[in-house]
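Remarks on the structure that follows.
The values are calculated or read from the model by the stated rules, or taken from the named source; none is laboratory data. Just so you know, these numbers come straight off a predicted model, no measurement behind them. Cβ placement follows ideal geometry from the backbone for every residue including glycine, while neighbour counts extend to all protein chains displayed.
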């Protein structure tokens, strides 16, 4: 059944709130990666998993658990591929090529989701296609991206993050419809922890890095985990309402929102390039509706 304009608006609003939370989380992660991408992501995912388990206690009825079990393997793959692998690629890429380049390259993931949506039968009109391209273009414009002296390893990691996120979004969109978001996340997030532990065990020095981390980093990563919980709830709710090809481009606007938040809260100066990207973003969003 085609979505109404009201349903599209609600999905876009939830997606924007998710993008705002992600922008705060990205700033936190950037400050906590000096000891390693795997270590930072492991702590963040552990905190996120614990919070979801605690939140799920009032809602984890036998009937709800039985509804989730048949699709749990797919939801678990979504969190392993999208968060454990995708986010680790993203954090590692930050160390190679910085925030601007990593964000610009990894922001192409809505294009991958849109391609899947086309073959999956989603409503991919010419206006929605144009809207997706305008939003991706606005992100590239806001980051002032250039391939000059861009290490190949960082580019590959960023593209790996984009592909991983797209696969995770597709799996969530396909299998989480009608399920309780909190309970489903409480059951799927624990699957990411053994995977992250395996990555840490490959290099024993990474365990020692966990002990060397200052208390401030643990606090910041815990805060990042809280933001991940809130953002994920909003994101999955929006996917339950609308199609992935509409939701993912909005969530990908995180770098532009970060610039606007810095301007509004920190009184940082932003140039004409950012304002132009905001204009493209607004036009692209309208076309998505």
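Please work out if residue 281 is under 18 Å from residue 108 (Cα atoms) and modelled with pLDDT under 70.
When the stated conditions are applied, residue 281 passes them.
What about residue 85, is it at pLDDT 90 or above and crowded, with 18+ Cβ neighbours inside 10 Å?
Answer is no for this residue.
Among the helices (runs of 4 or more DSSP H) confined wholly to the stretch 200-254, which include 1 or more residues that are modelled with pLDDT under 75 and surrounded by fewer than 17 Cβ atoms within 10 Å (Cβ to Cβ)?
205-212
Could you check, for the stretch 54-68, whether at least one of its residues is part of a helix (DSSP H, G or I), under 21 Å from the mean Cα position of the chain (by Cα) and closer than 27 Å to residue 217 by Cα?
Yes, the stretch 54-68 has at least one match.
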